[in-house]
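Please read through the structure below; I'll follow up with questions.
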Amino acid sequence: MPTFATTRAAITDSDGQQDFSLVLGGPLFQLLRRAHLSGDALQLVQQRILVIFGLTWLPLLVLSILEGHALGGQAAVPFLRDVEAHVRFLVSLPLLIVAELVVHQRMRPVVRQFLNRQLIPEGARPRFDAAIRSAFRLRNSVVSEVLLIAVVYVLGVVVFWRHYIALSATQTWYAVPGADGLKLSLTGMWYAYVSLPFFQFLLMRWYYRIFIWARFLWQVSRIELSLIPTHPDRVGGLGFLANMAYAFTPLAVAHGGMVAGLIAGRIFYVGATLPDFKVEIAVLILFVLCLVFGPFLVFAPQLAQRKRTGLGEYGTLAERYVREFDTKWLRGGAPADERLVGSGDIQSLADLANSFDVVKTMRIAPITRDALLRIVAATLAPVVPLALTMMSLEELLKKLAGILL
């Protein structure tokens, strides 16, 4: 049986540099490996999804059928018509699992990028290595995952009961009438104490991983990086971090799915309309953007400082060059046998202007417009179909075409 030490060795390149991964560790990861539901590099995604599907959604279906709450009965909201539950366990939950593999594959070379681009000065290498080791310790922490489970069962059950009380006037597939009001059915017990906590644990685990990612980047940002103001990525060489945002696309869709399921349930069974949830949708987008791009903002002070320094340095260089150019070609300083046509001075002047323009347009965070739009689109993708509750498919397509074209 491979140990975690062999797993770490398996993800080390020929130069001895470790691949960085937020998800390749922790008690649950080790448990899945021992159960042959994950490989050393998070293979067997389909098997994990099927097993978790059999742990969370399938028992709810079976129990609701046995209790007569699957399609009708006395339940005002039968299980098979509860859009929120199905989206949570059949869409968002698998996406949380798929996101692990996507983030792992896209994040693996991130450490090598810092080193290969020579962003880390040689004298700061021990601090950089210490930041990596610290991130790995948090990622592999048994105590952290135990605390997450405790939080889920203490706060999650409370949240569930609040939701349950809010629907106390309506009998659902997970609650039945009792002497003291509605009480959890057998299906509801599994939902409240197995399915929902498991989903919440995976979600909280993702938030914990993003905290580790943000903390790692913050520690790296405390190092005086070798940023180049004229780098064509316009973030001093940190442009590779913006591409990391794409790895979180499945996570953004999962969050959109959770909110879409909640809204759909209110539209279908409470009589609400999609515009009633404008604030919730806006908060969702803002939350996901902060989740994905917030960690990158730790580099803003250094990038802003390098931009100011670069503008001063390249401004001085440009001043010196254009004065010499002016003296040479406009004030009669050029040698009599040197022709303007064919001279490299004009091209050098243009190149200098381009370099100065790169510094002037340098961003103070490794965030691109394309990455922002992609995350917003991924978050809204599950919500867009709900517009069909307000208009026909043809009208929706026309509006989308008008926005995109």
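The values are calculated or read from the model by the stated rules, or taken from the named source; none is laboratory data. These numbers come from a predicted model, not from an experiment. No Cβ is skipped: glycine too gets one built from the backbone with ideal geometry, and neighbour counts run over all protein chains shown. Accessible surface areas use protein heavy atoms only, side chains included; no ligands, DNA or RNA. Shrake-Rupley method; radii C 1.70, N 1.55, O 1.52, S 1.80 Å.
Looking only at region 340-386, how many residues end up being closer than 14 Å to residue 231 by Cβ, small (Gly, Ala, Ser) and not in a helix (DSSP H, G or I)?
Count: 0.
Filter region 303-334 down to the residues that are in contact with a Gly (Cβ under 7 Å, 6 or more places away or on another chain) and open to solvent by 40 Å² or more (accessible area, probe 1.4 Å), then identify the one that is farthest from residue 228 (Cα to Cα). Write out each step before concluding.
Residues of region 303-334 in contact with a Gly (Cβ under 7 Å, 6 or more places away or on another chain): 303, 306, 327.
Cutting the leftovers down to open to solvent by 40 Å² or more (accessible area, probe 1.4 Å) gives us 306, 327.
Working: 306: 8, 327: 30 Å.
Filtering region 303-334 for residues that are in contact with a Gly (Cβ under 7 Å, 6 or more places away or on another chain) and open to solvent by 40 Å² or more (accessible area, probe 1.4 Å), the one farthest from residue 228 (Cα to Cα) comes out as 327.
Hand me the list of helices (runs of 4 or more DSSP H) wholly inside region 196-276 holding 2 or more residues that are among the hydroxyl-bearing types (Ser, Thr, Tyr) and over 23 Å from the mean Cα position of the chain (by Cα).
Working: elements: 196-221, 239-244, 249-270.
Passing ranges: none, list empty.
Please pick out the residue among 58, 93 that is in a helix (DSSP H, G or I) and under 20 Å from the mean Cα position of the chain (by Cα).
Numbers: 58 fails: under 20 Å from the mean Cα position of the chain (by Cα).
Result: 93 is the single residue among 58, 93 that is in a helix (DSSP H, G or I) and under 20 Å from the mean Cα position of the chain (by Cα).
Of these, 79, 53, 89, which one is open to solvent by 30 Å² or more (accessible area, probe 1.4 Å), among the aromatic types (Phe, Trp, Tyr) and within 24 Å of residue 191 (Cβ to Cβ)?
Step by step, each of 79, 53, 89 is checked, and only 53 is open to solvent by 30 Å² or more (accessible area, probe 1.4 Å), among the aromatic types (Phe, Trp, Tyr) and within 24 Å of residue 191 (Cβ to Cβ).
Still on this structure, I have one more. Does residue 62 count as aliphatic (A, V, I, L, M), out of contact with any Lys or Arg (no Cβ under 6 Å at 6 or more places or on another chain) and surrounded by 15 or more Cβ atoms within 10 Å (Cβ to Cβ)?
When the stated conditions are applied, residue 62 does not pass them.
Quick one: which of 300, 272 is surrounded by 13 or more Cβ atoms within 10 Å (Cβ to Cβ) and in contact with a Lys or Arg (Cβ under 6 Å, 6 or more places away or on another chain)?
Numbers: 300 fails: in contact with a Lys or Arg (Cβ under 6 Å, 6 or more places away or on another chain).
Residue meeting the stated conditions: 272.
Would a scan of region 6-23 turn up a residue that is open to solvent by less than 50 Å² (accessible area, probe 1.4 Å), modelled with pLDDT of 85 or more, assigned to a loop (DSSP other than H, G, I, E, B) and of a type in the set (Val, Ile, Thr)? Even if it seems obvious, please write down each step before you answer.
Here is the first cut: in region 6-23, the residues open to solvent by less than 50 Å² (accessible area, probe 1.4 Å) are 7, 11, 13, 17-23.
Filter again for modelled with pLDDT of 85 or more, leaving 21-23.
After this cut, where a residue has to be assigned to a loop (DSSP other than H, G, I, E, B) as well, the list is 21-23.
Cutting the leftovers down to of a type in the set (Val, Ile, Thr) gives us 23.
Within region 6-23, one or more residues are open to solvent by less than 50 Å² (accessible area, probe 1.4 Å), modelled with pLDDT of 85 or more, assigned to a loop (DSSP other than H, G, I, E, B) and of a type in the set (Val, Ile, Thr).
With the requirement that a residue be in contact with a Leu (Cβ under 9 Å, 6 or more places away or on another chain), open to solvent by 70 Å² or more (accessible area, probe 1.4 Å) and modelled with pLDDT under 90, what does region 118-158 give you?
Result: no residue meets the conditions.
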